[in-house]
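Asker: Below are the structure tokens for one structure; questions will follow.
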Amino acid sequence: MNSGDHLSRQYDQELEDLRTRILTMGGLVEQQLSTAIEAYERPDLALADRAIDTDRKVNEEEIELDRVVVNLIVRRQPTARDLRLIIGVARIVTELERTGDEATKIARAARWLSDRNRNVRAPRLRDIHLSALAASRMLRGALDAFAHLDGTAAAAIIAEDRDVDQQFHAILRQLITFMMEDPRTITPSLDAVWVAKAIERIGDHAKNIAQHVIFVAHGEDVRHATPEQLARALSSQEGPTG
Amino acid sequence: MKPSPDSQATIDMAPVTVSADATPASVPEAPQAKAQVENLSFFYGEAKALQSINLPVYSHRVTALIGPSGCGKSTFLRCFNRIHDLYPGNRYEGAIRLLPEGVDILSDALEPIDVRMRVGMVFQKPSPFPTTIFENVAYGPRLRGLRPNAAIADKVEQALRSAALWDEVKDRLHSLASNLSGGQQQRLCIARALAADPELLLFDEPTSALDPIATASIEELITTLRETVTILIVTHNMQQAARCSDYTAFMYLGELVEFGATEQIFLKPGKRQTEDYITGRFG
């Protein structure tokens, strides 16, 4: 017996299409995120609009991938690694769609800032930039881990989330100081808080995707797991033996 | 039902051991075993069809046997009620111990008919006797000497109720069993088996000749019956194994490849061969 393809080539093709499609959706969200961050940092109205517009495509892709997942379950009654892949994709789709929503929040803040009629003194925090880079890196890493079904790489992404959380709290402290020093900056500072929070949530979604990758690769559900439980899950074999 | 005094004399009280590879790791606390298969090999003449199988059959649970055609799952099932004894040249090695007393049902000293009183079987194709519904179910109790007729009638009603058939046939108990639908005939065969108060009930692809509605009613019945009897079922339909069973054993080329809780086998099998089979990567 072989352990590669299914007896049904059509089924193989459907699973391959599912994998490709979720990675394509991931790429779209990555692009949306980087556009939104750039739009906020400049700020740039056209870029902000482009990021908001991309969210529509992300939402459409969510609906379409959900349809493919339901179709696969109905027609193929998947089991074992096929089932884990399909369930994993269904969960990752939701994380990606929510990541898209967070990117849209950043783009809306950029839109507000880019209005030339507003004469605001907005805080330009290097930590927001660094935090955005870290969250983007996490998202890319989680998608790469999915592409290679690499549980170890996924675990590293999960560990990175703590840094993004700490950066958010540091940003919050700086913004509070900023607002106390100059009350005229309260409105743009609050916007910056929402942006920083959106970035922090994107880190959470990337962490969740990494957890789903471990479920797909190892069959272990590590949501809400302690670091020790996570290590144990990873030490379980990557796949069946024999 | 207890074994006859004669069969009690053959009870082998050897300690029961469960092989490490056949104990499901994913179940924190396994229930008590109703039967324990120990190094069971089976030969059709010179051909070895089963290779040293070790397996616990847990009490009041449904255990499904899955595997490709020719893997030995039906051969294995039929060892439990000694059907192989009907053909010359067939030979067993090892033991199947009924617990808790530990009697080996493969022992030459035990009469196959005594085994079959304790281990019932339902076949792939409904096989009612060419007589009335009532007489089909009354056959076993009569054979065991149950008297008077009122007691037999009670037994028949009880068995038909347990097989979820009573309401459909109570007004035509003396009609021919062959007038029933396929699904009803199969439930009648289950009632016939239940009337003997078996400890273990064997199902050999019990729904392969039935439509989806009749299949669903048999599956529902299997789930209900485990409260009173331990069930071992051979099925080609993996979704049926996933739906009905608590434990699943995967067999290939006469060997037990993997045994575990059904959820674990269908979500995260431990052996590559199991995964390839249940995901449709080989048939």
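Asker: Once the Cβ-Cβ distance between B:Asn149 and B:Lys170 is put in as r, and R0 is 22 Å, what FRET efficiency do you end up with, to the nearest 0.05?
Answerer: With R0 = 22 Å, the Cβ-Cβ based efficiency is 0.85.
Asker: Counting only DSSP beta bridges with both residues in the protein assembly as shown, tell me the antiparallel percent, nearest 5. Let's see the in-between values first.
Answerer: Values: 25 of 43 bridges.
About 60 percent, rounded to the nearest 5.
Asker: How far apart, in nm, are two points set 7 Å out from the Cα along the Cα-to-Cβ line at B:Asn237 and at A:Glu60?
Answerer: 4.1 nm
Asker: If R0 is 51 Å, what FRET efficiency do you get for A:Asp144 and B:Lys48 from their C-beta distance, rounded to 0.05?
Answerer: Working: r = 50 Å, r/R0 = 0.97.
It comes to 0.55.
Asker: Let me ask something additional. Ranked by Cβ crowding within 10 angstrom, fewest neighbours first, how are A:Phe146, B:Phe129 ordered?
Answerer: B:Phe129, A:Phe146
Asker: Indicate, rounded to the nearest 5 percent, the antiparallel portion of the DSSP beta bridges found entirely in the range B:128-283.
Answerer: Taking every DSSP beta bridge within the range B:128-283, about 60 percent pair in antiparallel fashion.
Asker: Project the alpha carbons of the range A:171-242 onto their principal axes and report the range along each, largest first, in whole Å.
Answerer: The Cα atoms of the range A:171-242 stretch 68, 19, 12 Å along the principal axes, largest first.
Asker: Could you give the angle, 0 to 90 degrees to the nearest 10, between helix B:212-225's Cα long axis and the longest principal axis of the Cα atoms of chain B?
Answerer: Approximately 80 degrees, to the nearest 10.
Asker: Given contacts defined as C-alpha pairs under 8 Å and at least six residues apart, what's the relative contact order of chain A, whole-number percent?
Answerer: 23 percent
Asker: Ok, one more. Would you mind putting A:147-154, B:259-266, A:179-186 in packing order, based on average other-beta-carbon counts within 10 Å, highest first?
Answerer: Taking the mean over residues of other Cβ atoms within 10 Å, the ranking is B:259-266, A:147-154, A:179-186.
Asker: Work out, in µm²/s and without decimals, the Stokes-Einstein translational diffusion coefficient of chain B at 20 °C, 1.002 mPa s, Rh from Kirkwood over C-alpha pairs.
Answerer: Working: Rh = 19.3 Å.
Taking Rh from Cα pairs, D becomes 111 µm²/s.
Asker: A further question on this structure: What is the magnitude of the charge dipole of the protein assembly as shown about its Cα centre, with +1 placed on the Cβ of each Lys and Arg, -1 on the Cβ of each Asp and Glu, and no other charges, expressed in debye to the nearest 20? Numbers along the way, then the final one.
Answerer: Numbers: 59 positive and 72 negative charges, 113 e Å.
I would put it at about 540 debye.
Asker: On to the next question. Taking every Cα atom in the protein assembly as shown, find the radius of gyration and the maximum pairwise distance Dmax, and write them in Å.
Answerer: That works out to 31.6, 103 Å for Rg and Dmax.
Asker: If each DSSP helix of 4+ residues adds -39,500 (n - 2.57) and the sum is divided by the residues in the protein assembly as shown, what number results at 222 nm, nearest 500 deg cm²/dmol?
Answerer: Value at 222 nm, helices only, nearest 500: -18500 deg cm²/dmol.
Asker: Here's another thing I want to ask about it. Given the peptides A:194-205, B:110-121, arrange them by the average over their residues of other C-beta atoms within 10 Å, most packed first. Working shown, then result.
Answerer: Values: A:194-205: 23.2, B:110-121: 19.9.
Put in order of decreasing packing, that is A:194-205, B:110-121.
Asker: Hey, another quick one. Tabulate in residue order the Karplus-calculated ³J(HN,Hα) for the range B:93-105, using 6.51 cos²θ - 1.76 cosθ + 1.60 with θ = phi - 60°, rounded to whole Hz; enter x for Gly and Pro.
Answerer: 10, x, 8, 10, 9, 8, 9, x, 6, x, 5, 8, 6
Asker: Decide, for the range B:110-250, between rounded, prolate and oblate: order the square roots of the alpha carbon gyration tensor eigenvalues as a ≥ b ≥ c, take rounded if a/c falls under 1.5, and otherwise choose prolate if a/b is larger than b/c, else oblate.
Answerer: Since a/c reaches 1.5 but b/c is at least a/b, the shape of the range B:110-250 is classed as oblate.
Asker: Taking Cα atoms, how many degrees apart are the long axis of helix B:149-162 and the longest axis of chain B, rounded to 10 and kept between 0 and 90?
Answerer: 50 degrees
Asker: Can you give the Kirkwood hydrodynamic radius of the range A:53-119 from its Cα pairs, in Å with one decimal?
Answerer: Value: 13.9 Å, from the Cα pair sum.
Asker: Give, in nm to one decimal, the length gained when the segment between B:Gln32 and B:Asn179 is fully stretched (0.36 nm per residue of separation minus the Cα-Cα distance).
Answerer: The span from B:Gln32 to B:Asn179 would gain 48.8 nm if fully extended.
Asker: In addition: Output the direction-averaged projected area (hull surface divided by four) of the convex hull of the alpha-carbon atoms of the range A:96-242, in nm².
Answerer: Dividing the Cα hull surface by four gives the mean projection, 9.5 nm².
Asker: Enumerate the amide H contacts of B:Ile233 below 5 Å, restricted to partners 5 or more residues apart or on another chain; note that Pro and chain-start residues carry no placed amide H.
Answerer: B:Thr63, B:Ala64, B:Leu65, B:Phe203
Asker: Mind checking the mean number of beta-carbon atoms from other chains within 10 Å of the Cβ atoms in B:269-277?
Answerer: Per-residue shielding by partner chains comes out at 6.
Asker: Pop a pseudo-label 7 angstrom from the Cα along the beta-carbon direction at both A:His129 and A:Thr20 and give the gap in nm to one decimal.
Answerer: About 3.9 nm separates the two model spin labels.
Asker: With the cut-off at 28 Å, tell me which of the pairs A:Lys207/B:Lys271; B:Lys34/B:Lys170; A:Lys57/A:Lys197 have Cα atoms farther apart than that.
Answerer: A:Lys207/B:Lys271; B:Lys34/B:Lys170, as the Cα separations exceed 28 Å there.
Asker: With a ≥ b ≥ c the root eigenvalues of the C-alpha gyration tensor of the range A:20-167, is it rounded (a/c under 1.5), prolate (a/b larger than b/c) or oblate?
Answerer: oblate
Asker: For the range A:87-179, what is the Kirkwood hydrodynamic radius in Å, using each pair of distinct C-alpha atoms?
Answerer: For the range A:87-179, the Kirkwood estimate is 15.4 Å.
Asker: Next question, about the same structure. Just the number, please: percent antiparallel of the DSSP beta bridges in chain B, rounded to the nearest 5.
Answerer: Of the beta bridges lying entirely in chain B, close to 60 percent run antiparallel.
Bear in mind these aren't lab numbers, they're just calculated from the coordinates by the rules spelled out. All values derive from a computational prediction rather than experimental measurement. Virtual Cβ from ideal backbone geometry, glycine too; neighbours counted across all protein chains shown.
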